[in-house]
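Written out below as structure tokens is the structure these notes cover.
The values are calculated or read from the model by the stated rules, or taken from the named source; none is laboratory data. These numbers come from a predicted model, not from an experiment. Note that each Cβ is placed from the backbone with ideal geometry, even for glycine, and that neighbours are counted across all protein chains shown.
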Amino acid sequence: MEAVAWISHKYIMHGFLWFLHKDHHTRENQGVLEKNDYFFLLFAAPGISSIIIGSNGFTWLFFVGLGIALYGMAYFIVHDLFIHQRAKILRNTQSKYLRAIRRAHKIHHKHLSKEQGECFGMLVVPLKYFKQ
């Protein structure tokens, strides 16, 4: 799922759907929700559909949907709650891995345009962010 998330983030969110993702980088909308939050619905739809369709006999489609749903839950916890602190959790963590995730995401957000960017993933972090 990390590879799918990376590709989706780079080519969809920073591509033709930038108008939904832009406020996440520029902070145009300072409310509780951003236009970027619509991606939850966009990415949840195939997961839910796959679970429903695949649950008749628990076909491979069920497990694809389950993978999408579990990654979505991880995204919410790691990205929204931990990185962006929508809930004040793990603020002063000493975990090298969690600190590397936060550093990589901070570098991603330093770019305000859709063309520039790096660190499009979430759970797999380049080694250079562990060394800082």
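Considering the stretch 39-58 alone, what residues qualify as being surrounded by 13 or more Cβ atoms within 10 Å (Cβ to Cβ) and in a loop (DSSP other than H, G, I, E, B)?
Within the stretch 39-58, just SER55 meets the criteria.
Select from the stretch 111-123 the residues that are within 16 Å of the chain's Cα centre (by Cα) and surrounded by fewer than 16 Cβ atoms within 10 Å (Cβ to Cβ) and write down the one among them that is farthest from ILE48 (Cα to Cα).
The residue in question is GLU118.
In the stretch 86-129, what residues are among the charged types (D, E, K, R) and under 18 Å from ALA74 (Cβ atoms)?
Passing the criteria: ARG86, ARG99, ARG102.
Hey, does the stretch 92-109 have a residue that's at pLDDT below 85, exposed (fewer than 14 other Cβ atoms within 10 Å of the Cβ) and under 21 Å from LEU17 (Cβ atoms)?
Within the stretch 92-109, none of the residues are at pLDDT below 85, exposed (fewer than 14 other Cβ atoms within 10 Å of the Cβ) and under 21 Å from LEU17 (Cβ atoms).
Please go through the stretch 74-103 and pick out each residue that is in contact with a helix residue (DSSP H, G or I) (Cβ under 8 Å, 6 or more places away or on another chain), within 23 Å of PHE39 (Cα to Cα) and among the small types (Gly, Ala, Ser).
ALA87
Return yes or no: is LYS22 crowded, with 18+ Cβ neighbours inside 10 Å and among the basic types (Lys, Arg)?
So LYS22 fits the description; yes.
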